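The values are calculated or read from the model by the stated rules, or taken from the named source; none is laboratory data. Just so you know, these numbers come straight off a predicted model, no measurement behind them. Here the Cβ positions follow ideal geometry from the backbone for every residue, glycine too, while neighbour counts run over all protein chains shown. Heads up: the accessible areas ignore ligands, DNA and RNA and are worked out on the full protein's heavy atoms, side chains in. Shrake-Rupley method; radii C 1.70, N 1.55, O 1.52, S 1.80 Å.
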Amino acid sequence: LLSSREGLEESYFKDIKIKPTSEGSSAIDIVLEGSEPQKIMDYINTLIAQYQIFNLENKNRATRSALDFISGELEALQDSLDRVENILERFQAENEAIDLSTKGEQLFEELFSLEKELTMLKSQKKYYSYLEDYIAGKTSVESVIAPVAMGVENGAIVATVGHLNELQAERSSL
């Protein structure tokens, strides 16, 4: 059984003991005993190297997912800004005005503020849809984008997503 690679791996896997160094710690103790210490050390070093690669790939996937989401939101913000600029240009052309009157300037600022708020609400709605898809299992990511990054400041959601990310990281490390 131990002559094949699979048999050796199975033997190591069965005999290895991995446990947290202390309660709540992210450090771990790895114990594997055997008659050939150098082979055991090589196995554990390779295991750790593979775990680090796996963990880095998971973090990279989560980062790419967050960047893709944020890029989409930035595009939406740019579209909104372009729309407001077009409205301003039309207003100026229709009223043959270069300088806005005080009332016109107030209206424009209010319009801009409302557009900004609408864009933020749309962004939050997309984030909630993203969360809903994640919870329903439609999206598989290693880490959920932080709500604050999308303008969601609800303390319960921020805390829950933070806890969810901690649990996901813990699950990935097992």
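Looking across the stretch 153-172, just one residue is in contact with a helix residue (DSSP H, G or I) (Cβ under 6 Å, 6 or more places away or on another chain) and within 14 Å of residue 66 (Cβ to Cβ), and that is 161. With respect to the conditions (1) modelled with pLDDT of 85 or more; (2) over 30 Å from residue 163 (Cβ atoms); (3) of a type in the set (S, T, N, Q), residue 52 lacks only one, and its number is (2).
Is it fair to say residue 44 is in a strand (DSSP E or B) and of a type outside the set (Lys, Arg)? Before the answer, list the steps.
Working: in a strand (DSSP E or B): no; of a type outside the set (Lys, Arg): yes.
Judged against the criteria, residue 44 is not a match.
Considering only the stretch 3-38, state which residues are in a helix (DSSP H, G or I) and either touching a residue at least 24 places away in the same chain (Cβ under 8 Å) or surrounded by 10 or more Cβ atoms within 10 Å (Cβ to Cβ) (or both). Across the stretch 3-38, the qualifying residues are 7, 8, 9, 10, 11, 12, 13, 15, 37. Within the stretch 60-75, being surrounded by 14 or more Cβ atoms within 10 Å (Cβ to Cβ) and either over 14 Å from the mean Cα position of the chain (by Cα) or of a type outside the set (Phe, Trp, Tyr) (or both) holds for 61, 62, 65, 66, 70, 73.
Determine which member of the set 144, 148 is open to solvent by 60 Å² or more (accessible area, probe 1.4 Å) and under 14 Å from the mean Cα position of the chain (by Cα).
Working: 144 fails: open to solvent by 60 Å² or more (accessible area, probe 1.4 Å).
Just a single option satisfies the conditions, and that option is 148.
Among the candidates 77, 114, 67, which residue alone is at pLDDT 85 or above and closer than 28 Å to residue 147 by Cβ?
Values: 77 fails: at pLDDT 85 or above; 67 fails: at pLDDT 85 or above.
After applying the criteria, what remains is 114.
Filtering the stretch 106-123 for residues that are β-branched (Val, Ile, Thr), more than 24 Å from residue 56 (Cα to Cα) and more than 24 Å from the chain's Cα centre (by Cα) leaves an empty set.
Is it fair to say residue 106 is loosely packed, with under 11 Cβ neighbours inside 10 Å and either without any contact (Cβ under 8 Å) to a residue 40 or more places away in the chain or closer than 28 Å to residue 154 by Cβ (or both)?
No, not satisfied.
Suppose we keep only residues that are open to solvent by 60 Å² or more (accessible area, probe 1.4 Å) and part of a helix (DSSP H, G or I) within the stretch 123-141. Which one would you say is modelled with the lowest pLDDT? Only one residue tops the list, namely 135.
Suppose the filter is surrounded by 10 or more Cβ atoms within 10 Å (Cβ to Cβ) and among the hydroxyl-bearing types (Ser, Thr, Tyr); does residue 46 pass it? In short, yes.
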